1. Can you run down the residue pairs with Cβ atoms below 8 Å, 6 or more apart or on separate chains, where the first is in segment 44-63 and farther than 10 Å from T3 by Cα and the partner is basic (K, R)?
2. Out of L48, L76, L57, which single residue is surrounded by fewer than 19 Cβ atoms within 10 Å (Cβ to Cβ) and of a type in the set (A, V, I, L, M, F, W, C)?
3. With the requirement that a residue be within 19 Å of A80 (Cβ to Cβ), within 13 Å of the ligand (Cβ to nearest atom) and not small (G, A, S), what does segment 1-15 give you?
4. Say whether the condition of being at pLDDT below 90, within 16 Å of the ligand (Cβ to nearest atom) and in a helix (DSSP H, G or I) is met by at least one residue in segment 72-89.
5. Any residue in segment 28-43 that's closer than 14 Å to E15 by Cβ: show its pairings with residues that are among the acidic types (D, E) and in a helix (DSSP H, G or I) at Cβ separation under 8 Å, as long as the two are six or more apart or on different chains.
Amino acid sequence: MKTILIAEDNPTNRELLRELLEIRGYGVAEACDGKEALAMVEQAPPDLLLLDIGMPLMDGFAVVRKLRENPRFTSLPVVAVTAYAMQGDREKIMNSGFDGYLSKPINSGLLVQELSRLLAHPNTESVPLNQPWEKQIGTRAARAIVNRQPKP
Ligand code: MN
């Protein structure tokens, strides 16, 4: 089983990512800040790291920089997860040691695309990929987010 470490300080976002990954058969571990993420990678390296940019103690840029200094982790796939939507952020992120980039709110199709691209044997079965994530999962958290969005 491929394991993915979710490093994200927002519990709702962690839960959503966990749902999206577990439904596809990935093993999931969670870190709540940058320091914890770094410690967890060193202790039990995942197959891929989903790394939030804005986190307490160490931000995503600092974590990926630290990881790339260590020969053990130069080729660990690290995908940035960020709410930053400004032009140029993608370039900055891709020049900072990340292998990929996902912006929030997470698009499950793009998430799957990144996993397929970066993992040798991704889990591709289950769940039609053209479904929006809120249709694929039924957690309280997902409903809370959906309910918060303005009605058309
Ligand atoms: Mn954050």
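The values are calculated or read from the model by the stated rules, or taken from the named source; none is laboratory data. From a predicted model like this one, the values you see are computed outputs, not experimental measurements. Virtual Cβ from ideal backbone geometry, glycine too; neighbours counted across all protein chains shown.
1. From residues that are farther than 10 Å from T3 by Cα, the pairs are L57/K35; M58/K35; M58/K66.
2. Working: L48 fails: surrounded by fewer than 19 Cβ atoms within 10 Å (Cβ to Cβ); L76 fails: surrounded by fewer than 19 Cβ atoms within 10 Å (Cβ to Cβ).
Step by step, each of L48, L76, L57 is checked, and only L57 is surrounded by fewer than 19 Cβ atoms within 10 Å (Cβ to Cβ) and of a type in the set (A, V, I, L, M, F, W, C).
3. The answer is I6, E8, D9, N10, T12, N13, R14.
4. yes
5. Here the result reads V28/E22, each pair linking segment 28-43 to a residue that is among the acidic types (D, E) and in a helix (DSSP H, G or I).
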